[in-house]
1. Could you list, ordered by first residue, the pairs with Cβ atoms under 7 Å in which the first is in the stretch 204-219 and under 14 Å from N160 (Cα atoms) and the second is assigned to a helix (DSSP H, G or I), at least 6 apart or interchain?
2. Looking only at residues that are in a helix (DSSP H, G or I) and among the β-branched types (V, I, T) in the stretch 330-386, which one is farthest from the chain's Cα centre (by Cα)?
3. Of the residues N160, N171, only one is away from the ligand (no atom under 16 Å from the Cβ), in contact with a Gly (Cβ under 7 Å, 6 or more places away or on another chain) and not aromatic (F, W, Y); which?
4. Of all residues in the stretch 444-468, which are without any contact (Cβ under 8 Å) to a residue 40 or more places away in the chain, closer than 21 Å to E389 by Cα and open to solvent by 50 Å² or more (accessible area, probe 1.4 Å)?
5. Across the stretch 1-11, what is the total count of residues that are within 12 Å of the ligand (Cβ to nearest atom) and either of a type in the set (V, I, T) or within 18 Å of Q258 (Cβ to Cβ) (or both)?
6. Can you give me the number of residues within the stretch 422-443 that are open to solvent by less than 60 Å² (accessible area, probe 1.4 Å) and either closer than 18 Å to S377 by Cα or in a helix (DSSP H, G or I) (or both)?
7. For the stretch 127-136, does any single residue satisfy the condition of being open to solvent by less than 30 Å² (accessible area, probe 1.4 Å) and either touching a residue at least 60 places away in the same chain (Cβ under 8 Å) or of a type outside the set (A, V, I, L, M) (or both)?
Amino acid sequence: MRFMHIRTRFAPSPTGFIHLGNLRSALYPWAFARHNKGDFILRIEDTDLERSSQEAVDVIIEGMAWLGLDLDEGPIYQMQRIDRYREVVKQMLDSGLAYPCYMSEEELNKLRDQQMANKEKPRYNGLWRPELGKTLPPVPEGVSPVIRFKNPIGGSVIWNDAVKGQIEISNDELDDLVIARPDGTPTYNFCVVVDDLDMNITHVIRGDDHVNNTPRQINIMKALGGVPPIYAHLPTVLNGAGEKMSKRNGAMSVRDYQKAGYLPEAILNYLARLGWSHGDAEVFTKEQFVDWFDLESLGRSPAQHNPEKLLWLNHQYIQNADSSALAAATKPFALEIGIDTESGPDFIQVVSLLKDRANTLIEIAEGAKLFYSPAPSLTLEQIKENIPEAVIPALKDLVEALELAESTKEAYAASFKQILSKHQIKMPALAMPVRYALFATTQTPAIDSVLVVLGKEAAIQRLSKVIH
Ligand code: GLU
């Protein structure tokens, strides 16, 4: 390996809406750093003051914390490093790596129009670029220049992208990039280079919308005497319809998923598989993911967001979760729909009963309502409609049997069995009226388990109301 100590970063621009797919660009560099016992850094690229917001920063930081993507350094805000960027611009001017360019906006536009008319690619023509033996135009008065990087002439930039393979871009394609604006503020590509160098980043793992920036960044980096990192450009995440994910077409943020009752473990597992694979493993722990993660297994084609698969994964994680941890995670959702988990059956037992059938924590909370609602007050009409006269004798016997039964699922199941055989009826004929008498609904989990959770006394009380 070229680098002894791996250092990766996630460098989001906190602009606009941060959707789930965006956080994949945090997950992979995090996993790569953890796999290699290296460092993972969060850098907030907030120099676009108009579009950056604290709200977006919060979504990113909270989302990462929720997924357990821990940091070794950061968050480092680019806006707090402006002096450093200015310092490097000055060094580059002093050493002839960069130069002031006084071409006005109008001149630039004119140049571009001419080039377009000649069917040439628009590019800066190097008018103010100092060369040996070249006389520069007279410096106009009262004009603040931009600072341009002296891009190498001739040759090409080649890098071996860990995802895309070898990429070669001719230097003739690249003009002299503006690194500082007339007011001295540094530009985007320049800040990235200074940061990646200063932070000793060894692997840049980011979205492939940055492929075009890479040759420019490599050139500046080399000019500054730095060793370019290894680049891995991740293909985009598309939504189910094959479009780029965005808020407009229904993308959700990590916070939205949290509110919808998803578990962070499920989201992490899902994101991990969105563009990376390890054989045919679909469900794996965070530890396994870190253990298995490598750049070689990153996908080369766009990944497609699949909400059904995410829901399925969430179900897997819910079903297999430790009930007490799951109960703790479900509690806020229960509170939200007015369930007081302290007044009623043991919430852990309730959750343990419901988890096999739930896809989200909201579904568990909804299911738990049954056990925390007061006994139903059924009208005569409702009783007549849902509890057939003919089953009343069986219900009476059931109450008697329950009174004697031990408070276990097995004992309750035995009581049911005994009544079924005595009255020669089938389970649904007895269980449905029982469910209705207990909860005013026939939709409940297995009746013997329900009795354990609700408690024998409450059950007998409710049943007694419909048989007298
Ligand atoms: N700030 C860039 C973005 O949010 C990422 C830059 C990088 O990773 O180099 O797209």
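The values are calculated or read from the model by the stated rules, or taken from the named source; none is laboratory data. Computed from a predicted structure; not experimentally measured. Every residue, glycine as well, gets a Cβ built from its backbone with ideal geometry; the counts of neighbours run over all protein chains shown. To get the accessible areas, we keep the full protein, side chains included, count just its heavy atoms, and leave off ligands, DNA and RNA. Shrake-Rupley method; radii C 1.70, N 1.55, O 1.52, S 1.80 Å.
1. Matching pairs, first to second residue: V204/D196; I205/Y28; I205/P29; I205/F32.
2. I383
3. Working: N160 fails: in contact with a Gly (Cβ under 7 Å, 6 or more places away or on another chain).
Going through N160, N171 in turn, the sole match is N171.
4. Of everything in the stretch 444-468, just one residue is without any contact (Cβ under 8 Å) to a residue 40 or more places away in the chain, closer than 21 Å to E389 by Cα and open to solvent by 50 Å² or more (accessible area, probe 1.4 Å), namely H468.
5. Number of matching residues: 1.
6. The qualifying residues number 14.
7. Scanning the stretch 127-136 turns up at least one residue that is open to solvent by less than 30 Å² (accessible area, probe 1.4 Å) and either touching a residue at least 60 places away in the same chain (Cβ under 8 Å) or of a type outside the set (A, V, I, L, M) (or both).
Every residue, every condition in (1) farther than 25 Å from R81 by Cα; (2) in contact with a strand residue (DSSP E or B) (Cβ under 8 Å, 6 or more places away or on another chain); (3) within 11 Å of the ligand (Cβ to nearest atom), yes or no:
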site: G16; (1), (2), (3): no, no, yes
site: R34; (1), (2), (3): yes, yes, no
site: K37; (1), (2), (3): yes, no, no
site: D46; (1), (2), (3): no, yes, yes
site: D58; (1), (2), (3): no, no, no
site: I61; (1), (2), (3): no, yes, no
